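See structure below.
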Amino acid sequence: AIANATKVVAAFVSKNKLDKSWASITASSADKKEFKGKMEWVIAFVNDKISDPAKKKLYVFLTLGGDYIAANHSGN
């Protein structure tokens, strides 16, 4: 799951959806959580180079099989 989430972050950087500083960030946690009755991986990344506190954390949501679902800064 971490490897797949890292690929998602790299894809966002290459598409200029995330700052280039995210390219070197490694996952800080990987947890299974339940959303709407389904279990998902939630992989968190923390980038201390980002000045906006609301944007320092990035959460990537994956199916248990490792497929991308969504990503956001809120974790919800």
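The values are calculated or read from the model by the stated rules, or taken from the named source; none is laboratory data. Keep in mind that what you see is a predicted model, and the values were worked out from it rather than measured. Glycine gets a Cβ as well: all are built from the backbone with ideal geometry, and neighbour counts include every protein chain shown. Quick note on the areas: whole protein, heavy atoms, side chains included, nothing else; ligands and nucleic acids left out. Shrake-Rupley method; radii C 1.70, N 1.55, O 1.52, S 1.80 Å.
For the reader, a short list of remarks on this structure follows.
- Scan region 39-56 for residues that are touching a residue at least 24 places away in the same chain (Cβ under 8 Å) and of a type outside the set (Val, Ile, Thr) and the total you get is 7.
- Within region 23-36, residues that are without any contact (Cβ under 8 Å) to a residue 60 or more places away in the chain have Cβ atoms under 7 Å from residues that are outside any strand (DSSP E or B) and open to solvent by 70 Å² or more (accessible area, probe 1.4 Å) in these pairs: ALA27/ILE2; ALA30/ILE2, counting only partners at least 6 apart in sequence or on another chain.
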